Structure formats: structure tokens, C-alpha cells
There are 2 protein chains.
Amino acid sequence: MTSERILDVIVVGAGISGLSAAKLLHESGQDVLVLEANDRIGGRTCNFYDKEIDYTDLGGAYMGPTQDRIYRLSQELGVDNFRCNDDGEAVAYNRGKWRLVSGQYPDTWNPFISLDLNHFWHLIDKMGKKIPMDHPWDFPEAEEWDSMTVKEWAEKTFWFQLTRDFITVHCCCGLCAEDKDLSLLYFLWYIKGCCGYLRYSSTQNGAQERKFVGGSQKISLKIAEQLGKDRVYLSNAVTCVSQDAGCVTVTTATGDSYKARYIIAALPPAMLNKIAFTPNLPSLRNQLNQRYPMGAVIKTMMYYERPFWRDSGYSGSVLADGIISEIRYDGSQTSKGHHPLVGFMSGDGAKEHCHLSKEERRDRIAQRYAILLKNDLALKPIFYVEKNWMEEPYIGGGYVGFTPPGVITKYCKVLREPIGRLYFAGTETATKWSGYMDGAVQAGERAAREILHAMGKISKDEIWQEEPEAEDMPALPFEETFLDRHLPSVSGFLRFVGASLFLSAMGGALWMTKDTLQRIIN
Amino acid sequence: MTSERILDVIVVGAGISGLSAAKLLHESGQDVLVLEANDRIGGRTCNFYDKEIDYTDLGGAYMGPTQDRIYRLSQELGVDNFRCNDDGEAVAYNRGKWRLVSGQYPDTWNPFISLDLNHFWHLIDKMGKKIPMDHPWDFPEAEEWDSMTVKEWAEKTFWFQLTRDFITVHCCCGLCAEDKDLSLLYFLWYIKGCCGYLRYSSTQNGAQERKFVGGSQKISLKIAEQLGKDRVYLSNAVTCVSQDAGCVTVTTATGDSYKARYIIAALPPAMLNKIAFTPNLPSLRNQLNQRYPMGAVIKTMMYYERPFWRDSGYSGSVLADGIISEIRYDGSQTSKGHHPLVGFMSGDGAKEHCHLSKEERRDRIAQRYAILLKNDLALKPIFYVEKNWMEEPYIGGGYVGFTPPGVITKYCKVLREPIGRLYFAGTETATKWSGYMDGAVQAGERAAREILHAMGKISKDEIWQEEPEAEDMPALPFEETFLDRHLPSVSGFLRFVGASLFLSAMGGALWMTKDTLQRIIN
């Protein structure tokens, strides 16, 4: 459809970020149109329905305390949530070695490894404190931390292979990228944006505490319903965005064109490459879009008749190397009584197995589960479904775009800098919970308010807004023992031992000297 | 224009690679059409004309021994070449320190630094020997070398800051990227593809030996002329490529569509993102295109009335940190008698100065030249021209696409793997002189022959062809002294000294023991 009507705002992308922006603008009385390249709403959230299992989330699903924006939005839309299972023992598996997990990290008999692991997550929170979330390119350590990969830093900093392996798996689970792919600064910035390591990695009281009843895509579907069908067009990939002093003209692959006063691009940075801009994008923006790749992930759901892992006291949570880097059992028993294990095939695991057929992947995963959960019942799933986000042409991967070394400090200052009438949303542009649904809402609403400010409808101070804590989802403090908080790193411990030995030796020497002197005097 | 005629081959991109492919196919009797997004032919080669200076190259320009493909093509098209100036002394400047360059590296009084520098380029050639050029993801060290940045490797391997700085500048000049941005494996593969470090870095007998009379873009213009105007369409950005069992349908931003039996994408990998493919690209290809960014470069030409640097015996060649990482004086005095210094603003230098106006850049560069060439005449240029490749929407940067860690080993096996009727050219897909005009020809002709093979017109063995050495541009061996070839690294030297000391001590001890024994016996 080509219309001569000049809209107030066109939003490109009907994920949570674009729809949050459109919702806010629509409610502010603006004439809004959302253009979506895919034939469905929801972006990186995606519900799957089947008579066998009812529904499941094949995309972003989790939510927890401090994610108050997505909570507020879901409540307003009437989308309920439920708490994920956190009972039982978690498992870690690396280099053929199976371990239970206690607290934050894998069990080990070696107290030095415990020191090393304990040091890891305290250190990233400590380093994170130095990073300004809204301008991580501008603080004293920025260049240094953005000049190395997480892997390089881990090799320099930690003493034990187990710690380094744990970090590798963490990058894989958290960002669907390998430690060797990621800028250290990006990694630290990301985890700080999740309110610190414990909030980021926990189920209870953390980022994985809850899921939405009916699937997270319901949020987008409900916003789209509110906006109405004449405000959200699917299968309309934007190919050209042309702006002049007066307005923006947007052309889609269908050959249609639309005009508006403003435009919001609510896409991952890498997807901006798909659009031709007139005038051309500035240099840094043009190159940034080439340097913010999407993670590699195939999300899988394996259904069993009963949660056999519970027989052995396992929660169903596993962190592992190999084909599946994280398993979770959210306790979301289906209406048919089946029990799904969510398996994240991410990072190199996804790259190495994406050429297989769905059936081959299912079989290899089931075989792996038999090892990880120590039970051959894993070999008898009753249903399997997966979504390969890497083959999505208009999303490009999941869960989020990340940056290799050198990008944050040299390019990211233009990440959400408006260009004329063009504004940027998308969870990658958030300063809190970037990469999550909550970040998508922050980014969308911020971009919408930037436009309301440009229209003269709100003041500059109103663009960035704090979100009050949700009463029903309080962020409780994490209880750490005195020991956990004050344990030294391995290096710190060795320095302490060294200093103690030195002081003892000095004391001994002084005592002997005193003794000798006294003998001479006497 | 939309035509129902089914062409044999559509080539996307009218750079040297695409045009080489089109030329070969056209000469083999195929019905070919080249579609170019820009309003000019030549891709990363670009002539500039002005009454003040006649012409200059604002893009790829150099050619030298072992680049026999581009030489053959230029000779066939009647494009002559001239030898670049190599007289006088080169300069290196880092951290405020000015040095002359002797042989391969900056002068230093410290023989240990000389050992370290000498070790650098012998080591990269030695490591390069292990890399299979056509499948660099598959050899024993592939994972290890692709898991680190060049910077990380340099820090682990070399003893002196000067060596590490020299490597940084080399990455910047050679690849328009920083050592922290680049996978070590990519860097080693790239230089091996240039037939080793000396061939890559030299003017005489190396990659910078010659330039084309009239500018390198003439090559593309002449091929286009041969093909005829009805076979090369400009300003036709391809937006969609849709293939089925029978043929490929290509749609452009102008709304036109064309059909062909085969298609060649002769674009940098990052630019493939701009095209929507039906069926969707496979996972690895979809993600590879997000992970192969173009380098950052603004090529500048500063013209002076006379080559004042020659008064001091300087060649005009400078390697430096800061705004300009490499200066060259190719001796290409213009028809007006002016003398241009080519200045490459690359890597971080380009990112940090691209927001300035052309005039501000000119002034800052002139000020820098006054320091680097120790002469205030540098402040009085008579003409300045530049090209910022980073803002090119359909090229994305220059000189070449590069890969951060983790991309070669996990993605690059699909770099030139055909997808149905779609074949891949572009200098990035070459296995020799990738990133150069010569690599563009290799890639274009190989892709053309892949299609001729698919058509049943040539055998599989004929796809990859060796190129005979050009008689008029022989690759002479490099003369190295015995010492250069056999000098140890700093570590090697220290090991030697250590071993010598140990052996001397052992010898002494033995001698003393013998002496003592003799005394006892006597």
C-alpha cells in the first residue's frame, strides 16, 4: 500500500522494542505505523503451539526482579507470569568431568579452585562498578578492557582450567558467543547491565525467575492488537529510508512506500545493513552495523513423559561444554502432563551442529542428556521442537548482538545517536538489561520519548525515566556469607602467605638478634 | 527494466572481481548482465580527475611481482603501468619518537630490539607455511591461532614495545584494522596469500612496485566498455535474489527484475547483508556476513609544488601512529608538475578523524607531515583530495573485509561455497592476494569457471587455474644476508647464552674435578 498521508512516526520492527515505542507514541496521540519484515509479530520472542504440548517459548522467555519495565508492561496487558523451578541440584560438565554445582560454581575438592571461582564473579562485579552504562567508551580502563577478549583476560587472570572453562560456558550460555569472540569490556558492561553477576545468573531472585503464562510473544501480540491491524503491517521488509528536511520516506520490498515525520529503527544493529539510507549513513554508523554480529543459538525443547532427573535429586539445570551449553527444567509441565527440558545449543555448539537435520540434532542431544543427567531415560523423548535463530534473515541470530574487541570504544558512541529524523531502539541500545525483553522496553520507550521531545511535547529531562520497582516482584538482596565476600583470590592468598612467611622470618630474626644481644650483654 | 529474457549469468557488483567474471563468461559465449549498486564502475578502485592535478587513484592502486593475474588482465586491456619511487630513506614514527628505517625495520641502537624485529617477520612467514590457503580452518594450529588477536600474540611473543608498535602499525597500514581487531590466523593467512612478508611489504619487487597509468579504475572501465552498455547497469542495487530449481530472479531497488540461470555475488561478505535471499541463506552464511567487517580507511592525497622531503634524503615513505599510518611518495609527478604524498588514514586514525570536515583533516594531516618529514614546507600544500571509504553504503570500507577471532575456523568454510545457483566472487574469496586487485581477478575468474563447470562446459579440474608468471614482471628472490636469515629471536639468544653459561660452568667444574682428582692421585 502506498499512501500520501504523512504519519507522525514509522517504527521499523514489531518486536517488543518497536511495539513498546509504538504503544507509547500511540497513547500520546501520535499517528504511528509499524512495519515488520517477518510474517509474524514478536521479533526474538516466538510462541510455538502444538496439540501434543500446547505451547512453548522458542525465543526469549525469562524475566525476574529488577526487570520492572517488562513486568509493568506485561501486567498492564494482562499477561501473567509463573515462577520457574529451582529445586534440586544443578550439574556442571566439562572435559568429560561431571560435577554437582554448589552455590555459584561447580563442586571441587581443591580449595584453591574454589578461591579462583569465587574470585571470578566478585571480580567482574568489581570491574563492572567502573563502567558507566550509558557511555562505556569513556572511562579510564575502557581502551584496555576493549582491547582484549574475555578468553585472553581469563587466561591472564585465573589460575585453574576449571575456572576458565566455567567462564567459557558462561559466555556461551549468556551471550551465545565464545569467550574468544567477545570484548572483555562488552562482557563486563553486559553483566553490569543485568544488575550484577548474581542477578544475571540466578533463577530465584534473578533473571530466570519467571516466565510468561501463554508465552512471551503474547506481549507483542497484545500490543499489536491494541494498535489495530491498520497500524502493524507484516511481511513489509523496509529496503530504503530516505529523509529530507521535511519528512522521511520509507520503501518496502513489496514496493510500497510510506511517509512520516520521524522514524524509529527497532532492529539489531546488524540488521540495519539491510536498509539503504538516503542520505548515506555517517561513517561510524555504517561500519558499526558491520561490527555487531548476532549470537549463534538454536533453542531446543525436549519433552519427556516424566521428570526422571528428579529421581536423582537433580533440578534439570546443567551447564556444559559440547552440543548443549545449558539445560533448564522450568517446571512448566504441559497441559498434557509432559515435562520439557529447555536446551540451549549456543556459540560453537550451534555453529558445529546447524548443518544437521532436526532429527539428527534431537538424537545427539538426547544422547548427551543421558550422560549429563546420568539416566538413559533421556534417550526416550516423546516430543522435540527447536528454533534455529541463525537462519532468520531479518533477525540474524540470538539472543543478542555482541561486539568483538575494539568496537565499543571506537564505534558505540553512535549506537543510539539519532540521525536527523531517524532514532534507534532495540534491546542492544538499552543501558539496563540490554539483550533482554526488559532492555527492549527501555530502548523502545526511550526512543519514543526522544521523538516526543523533538516534537516539543516533553522536556529533555523526561526522555530517560527511572522505573519504580514492581511491588509483586521485589529485588531481594543476595545473601552472601562473610567468607564468600572476603575470600581472597588465589594470587591474593599467595601474597598473604608470602607476606606472612616474610613477617614470621623477620620476627624470628629479630627475636634471635634480641636473644643474641641479650647473651652478649649478659 | 524488467525483461522476461533468461540470461545465462547475472553478476552482482561491477568491481574488478565481478567484471573479470563477466568478461570470462562473455568470452565463453554466455549471455551476461552486470548489476552495480553504485553510479560508477570500479568498486574499490576509483579514479579522480581535476584540472589542477590531472588524475589520481583514490582507491586500490598498487601492483607488483607475483600478481600475475591483474598484470595479464591490464596488459590485455592496454593499461600500462609505471614503477613507483623507492629512492631515499624511509621514516618510522611512534610514541613521539622519530627514526629512520633500515631494511625491514626502524633503526635502533639496541641489538636486542633488532633481534626482536627480525624475529617478527621471519616468524610470521614460518607460521604461514603451516596454513593451507584454501582451507585455513583445517590444520593443527587453526583453533589456537584463530582464538587470539594479533595484539595478544604480539604481547606474548615479542620483548620490546617497538616491535609491538611496529606490528600495530603494520596491521593498520596493511588491513586498515587494529591488531586488537584481527584474528591472528586471519593476519597470517593474509600475509601468506601475499607470498610472504617481504613480497607484501616491499615497494621494489613487492606489492607496491607499480601503479597503472591513468589510474587502476581504467581496468574496470575497459572491461565494461568491452561488454557494452547493455551488459552493465549502474545504480541498480540488488535487493532480492530468489532462486528455484529452474532459475534465479533478481530484483533491484529500482523495482526492476531480471532472470538468469546462475548468479555471481561479487561483493564483500558484509555487503551480502543488503540482499534478501529466497530461500533464506543457510545459518553459517547468514551469520558469516555479519562477521566480516570492512576495514576503516580514508585515502588522502596532499599535493606539493616540489618534493621537499627529498632535500633531506627522505623517500617520502613513512610508517607512523596517529592520524596517518602510512605515507608514500610514488613519484607520480602530475602533468602540472605537482608532487603528491599519498596518506592512508586507517584503523583507529580513520575512526577518530572521520567526523571532521575535509578541510580540518587536510590541516591536521599537513601539521603531522611537518613533524614526520621534519619540514614546515609540509604546511603549504597546493591541493588536497581524499576519499572516505567508510561512508560508502555499498562498499562499507576498505581495503578489505577482515575477521575477528573465531570466524575463520567456525564460518569461513562457507565463504565461497555455492548455494544452489548462487556463486561467490570478490577479493575476500581469493586464496592468493586476497584484498588486492589480483585476488579480485582470481576470485572472479574462478567463480565464472565454477559456473562453466556447472553448465557442463569445462571439467572440474579446470576451475582453479595456475597463472604463469608475467615475463615483464618477474618475481625476483629477496636477497637476505646470512645473518638476517639465521639471527635468533631474543628468547633464542637468551636460551643460547643460558646454555653456553651452563656448559661453561659444567666444563669448568669438570676441569676442576679433574684437577682435584689428579692432585689426589699425585
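No lab work stands behind these numbers, since they all come straight from the coordinates. What you see is a predicted model; the values in this text were computed from it and never measured. Virtual Cβ from ideal backbone geometry, glycine too; neighbours counted across all protein chains shown.
Overview of results
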read-out	value
Neighbourhood charge, 11 Å Cβ-Cβ cut-off, centred on A:Asn280 and excluding it, Lys, Arg +1 and Asp, Glu -1	-1
Amide H contacts under 5 Å for A:Ile458, placed H, 5+ residues apart	A:His453
Unit charges at the beta carbon, dipole of chain B: most positive-side option, B:Asn273, B:Phe82, B:Ile395	B:Asn273
Helix axis angle, B:161-175 relative to chain B longest principal axis, alpha carbon, degrees	10 degrees
Charge dipole (debye, nearest 20) of the range A:320-410; +1 at Cβ of Lys and Arg, -1 at Cβ of Asp and Glu	160 debye
Added length on full extension, which subtracts the Cα-Cα distance from 0.36 nm per residue, B:Glu89 to B:Ser335	86.0 nm
Net charge of Cβ neighbours under 12 Å - reference B:Arg5; Lys, Arg +1; Asp, Glu -1	-2
Estimated FRET transfer efficiency (A:Lys413, A:Asp515; beta-carbon r; R0 56 Å; 0.05)	0.25
Helix B:184-193 vs. chain B, principal-axis angle (Cα, 0 to 90°, nearest 10)	70 degrees
MRE, 222 nm, helices only [DSSP H, n ≥ 4, -39500 (n - 2.57), over chain A, to nearest 500]	-10500 deg cm²/dmol
Exposure proxy order (Cβ contacts within 10 Å, fewest to most) of A:Val441, B:Val150	B:Val150, A:Val441
All lysines inside 28 Å of A:Lys51 as judged from Cα atoms, apart from same-chain residues fewer than 8 positions distant	A:Lys211, A:Lys218, A:Lys222, A:Lys229, A:Lys299, A:Lys336, A:Lys358, A:Lys380, A:Lys387
0 to 90° range, to nearest 10: angle between helix B:16-27 axis and chain B longest Cα axis	50 degrees
Bridge type composition, chain B - antiparallel percent by DSSP, nearest 5	70 percent
Shortest-first nm distances, A:Asp363 label point to equivalent points in other copies (7 Å, Cα→Cβ)	7.1
Estimated dipole of the protein assembly as shown in Debye, rounded to 20 [Cβ of Lys and Arg +1, of Asp and Glu -1, Cα centre]	620 debye
